[in-house]
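Quick notes on the structure that follows.
Just so it is clear, none of the values below were taken in a lab; they were calculated from the coordinates. Nothing here was measured: the structure is a model prediction, and the numbers come from that model. Positions of Cβ are backbone-derived with ideal geometry, glycine not excepted, and every protein chain shown enters the neighbour counts.
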Amino acid sequence: MTERIASQVNPRKKSTLLTAACLLVVALSGAAQSTAPKPIDAAPPAVFEAASIKPQAPSSDGSIRTMVQFPPNGRLTAAGATVKTLICVAYGLSDFQVLGGPNWIGEDRYDVLATPGSALEEQLQKMKSEDNTQAKRQMLQALLADRFKLTIHHDTKELPIYALVVAKSGSKLQETKPDDANPDAANAPAHPSNKGRMRMSVDSGSIEMTATGMAMDGLARQLAQQLGSTVRNETGLKGIYDFTLHFTPDDARMDASGAGGSGANASLADNGGTSIFAAVQDQLGLKLESKKGSVEVVVVDHVDKPSDN
């Protein structure tokens, strides 16, 4: 599994960039609800052999460049990544599941180049996808502890969440059709961890998400990144689907009382945009309902800025 995010935008679109970047991090790094990777059996702790971490230099045009690549060979390359983003990758989390810590962990940007030794690199590439992801997370966790002196603890919070359900009008989703390359695609059972393939584009403040072969649990994780809150799949839909979702992101988030969505809908309507709530219902035949539920989180107990290389 290759973990990769890449974006370049003007500072005026910073909020869209952060949302898009975190969305892709989770889409490519695995299920967002699993915060404690299990150890690799009969294998020594996986660690990077060498790592360079430097503050990102300002660009000449003032734009913000963000990119994270973490392929199966274990070579981590990041440009303009925040510590919070690195924590998300290291623990398989969504941005909203990382609590505590100073403000700079979500603001300061770093360029990171970390490489495993040749023996570990060879071992990583022979691993199954799940074991490979777990080993890479262990490597990044060790790097954060070593260079940023990061310490965390796991917790469970009762927080506002959303339930993804089928709208009264009925689902508009189209199941993935078989093709010559994968004739059994439509008949393959959808596993809860199925993420499918997601292509995302950002243009003039609008986001278009195009999914292929995606189960509803995968969609719920994608929506969670946009909403800044856990989204639980309660659709009862078991298939895998192809769909396109086009909407205008809004900074509105669910507040502590569980309210959310109505204000965003109103402000976007005034500006001619389509909120994610309206897009999910109108374009997919699904609905986001607010409620409360238990959410696994990681709390940052201590973190330091890295020393110069």
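Would you please put 208-217, 120-129, 281-290, 86-95 in order of how densely packed they are, using the mean number of other Cβ atoms within 10 angstrom per residue and starting with the highest? Can you show the working numbers first?
Numbers: 208-217: 20.6, 120-129: 14.4, 281-290: 17.9, 86-95: 23.9.
Taking the mean over residues of other Cβ atoms within 10 Å, the ranking is 86-95, 208-217, 281-290, 120-129.
Electrostatic bookkeeping for A79 treats Lys and Arg as +1 and Asp and Glu as -1; over the other residues with beta carbon under 10 Å from its beta carbon, the sum is +1. Full extension of the chain between D61 and K291 gives 78.5 nm of extra length, using 0.36 nm per residue less the Cα-Cα distance.
If you take the beta carbon distance between Q283 and R197 as r and set R0 to 22 Å, what does 1/(1 + (r/R0)^6) give as a FRET efficiency, to the nearest 0.05? Don't skip to the end; give the middle numbers.
Details: r = 18 Å, r/R0 = 0.84.
After rounding, the FRET efficiency stands at 0.75.
For a test of the definition: using alpha carbon positions, the gyration tensor, and the 1.5 limit on a/c, classify the stretch 49-170 as rounded, prolate or oblate. Oblate is the answer for the stretch 49-170, as a/c is 1.5 or above yet b/c matches or exceeds a/b. Counted by Cβ distance under 14 Å from A279, the other residues give a net charge of -1, where Lys and Arg count +1 and Asp and Glu count -1. Backbone N atoms of the stretch 115-155 closer than 15 Å to the 7 Å Cα→Cβ label point of Q69 belong to residues 115-116.
Proximity of backbone amide H atoms, modeled 1.01 Å from N, is registered between K149 and D304 at under 5 Å, excluding neighbours fewer than 5 places apart on the same chain. Placing a label point 7 Å from the Cα of H246 along the Cα-to-Cβ direction, the residues of the stretch 194-228 whose backbone N falls under 15 Å from that point are 200-211.
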